[in-house]
Amino acid sequence: MPNIHLTDLFVAGATCPSEKDQEIYWDYPVGEAGGIRNGSVSGLGLRVTALGNKTFIHAYNFNQKRHRKSLGSTIVLNVASARLAVINREQQLKAGENPDADENDPRRIHLMTVREAVDRYWESHVSGLSEGYKHSFVMLMAKWLRRVPAIATKRGKNVRNYTDLGTMFLDRPLSSIKPLDIERYQKQFASPYVYNTALRHVLALFNWAIRMQLVDMRNPAHPLKKRKVIRQRRDYSMEQIAKITAHIFYPVLDAVPEIEDLNGITKRNKALFKAHIVTANDQMAELCNYLGILFLTMARPSDLATAEFGHFDLDKLIWNKHNTKGIKLSRSLYEYAYRTVPIHSKVAAMVRAQRERWPDSRLVFPSHADPSQPRDNFRRGLARFKALPGVPEHFQIYDLKRIAISLMLTGQGVSREAVSHYVDHKGNLETTMIYDLGLVDPLRPVTQRLGELAGI
């Protein structure tokens, strides 16, 4: 780490060597030309990263420990103001005061603990994100923030419990966390998907703490690499697709038997059976509406779960999709509230059927227990749907989007750009590769032509 007299001209031209992640230049009486200069301050340094970020820092001893504090960016401070800040901090140290004491609680030690950092990160950033992201963060990083359900149930009891980051390191100083500690935390995740999700949260936490100048350290999660996630293919033949769409758009509901005027026990059993059939038919009809809208709009289940009747214009056949996952249609300072896509007349009919079923609901598919909340699953109806002839056991609701894209639209010559924009894909290669999963028959002329050129 070189020692040199810091000037505003030197700071403007300072660079980080290509073989390093960062370089720190300490303030020293000897200038660039070798002459002795006045005004240098011991402990003042200039940190220059490989990305070109420049920050003034202060190195000092407190409680017999060596510490380093970021004073601010060179955009905000110049050399003179940085020297003055270091002089004021040194005077506090000589008086036995901690210059980095928390202004809200001056009694706490200057080293922020992991749990305190997680709480601050939650309040300032995570609490304003989506419900799914907050749930993932709470389960992997801060289980003490988990909300207690209003009604105690056994749901989720069989799910494997992980030790969250805040509980594992608790009162350890945030700056003391090393890559080996993060590696120990990550070893508990056998699933590559959960492993990558936890690593993403840890990276974001430390990046936020470094960016907010709460700690002066390198991100301990950087040396760890994400695991490769290999997904199993769920392929469908055209015959299976025909069966699935037939069950969706032309459902055959069970006939309700007539109740004969028999003795009390038989009549009661008949009534219970009739009530069961009516309930099952209603569940299946609502599930078919749900699957039909997904198939004809190629929307994500999460998009439809939060869709409201007010988002649809059934006369103009359009859907104003709110809170989409892919194309945000945003700029740096603003974002559009929704994006508009056309819908099929069959979709409008299914939305009208849902309005008749739920006349007082705001959501198209509300929860039966609480109509103000979206419906979270179709477990029973989906089990009955998979039992229908021709429906494969591996069928999943999300596959309706992939079937329509990869096996039907792109195979019939519809441009990728139109499909990508309609289904709200970002358009990157990893996302659009889904279009080719079932693109087999349109490619057969290629193999046929190759055979003809080879004379076989």
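The values are calculated or read from the model by the stated rules, or taken from the named source; none is laboratory data. Keep in mind the model is a prediction, meaning the values are calculated, not measured. Neighbour counts are summed over all protein chains in view; Cβ atoms, including those assigned to glycine, are modelled from backbone coordinates with ideal geometry. Accessible surface is based on the protein model in full, side chains and every heavy atom, while ligands, DNA and RNA are left aside. Shrake-Rupley method; radii C 1.70, N 1.55, O 1.52, S 1.80 Å.
Laid out as a table, the results:
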{"item": "GLU183, GLU335, GLU123, reordered so the largest accessible area comes first (probe 1.4 Å)", "result": "GLU123, GLU335, GLU183"}
{"item": "Cβ-defined net charge surrounding ALA349, 12 Å radius [Lys, Arg +1; Asp, Glu -1]", "result": "+2"}
{"item": "Solvent-accessible area of ARG120 with every protein chain in place, 1.4 Å probe, in Å² to the nearest 10", "result": "80 Å²"}
{"item": "Where the stretch 381-425 is the region considered: accessible area per residue in Å², 1.4 Å probe", "result": "45 Å²"}
{"item": "Anisotropy class of the stretch 330-426 from Cα gyration tensor, a/c 1.5 cut", "result": "oblate"}
{"item": "Above-threshold pairs, the threshold being 27 Å between Cα atoms, out of LYS228/LYS401; LYS226/LYS321; LYS143/LYS225", "result": "LYS226/LYS321"}
{"item": "Carbon/sulfur fraction of accessible area - the stretch 158-221, other protein chains in place, 1.4 Å, %", "result": "55 percent"}
{"item": "Ordering of 213-223, 236-246, 387-397 by packing [mean C-beta count within 10 Å, highest first]", "result": "213-223, 236-246, 387-397"}
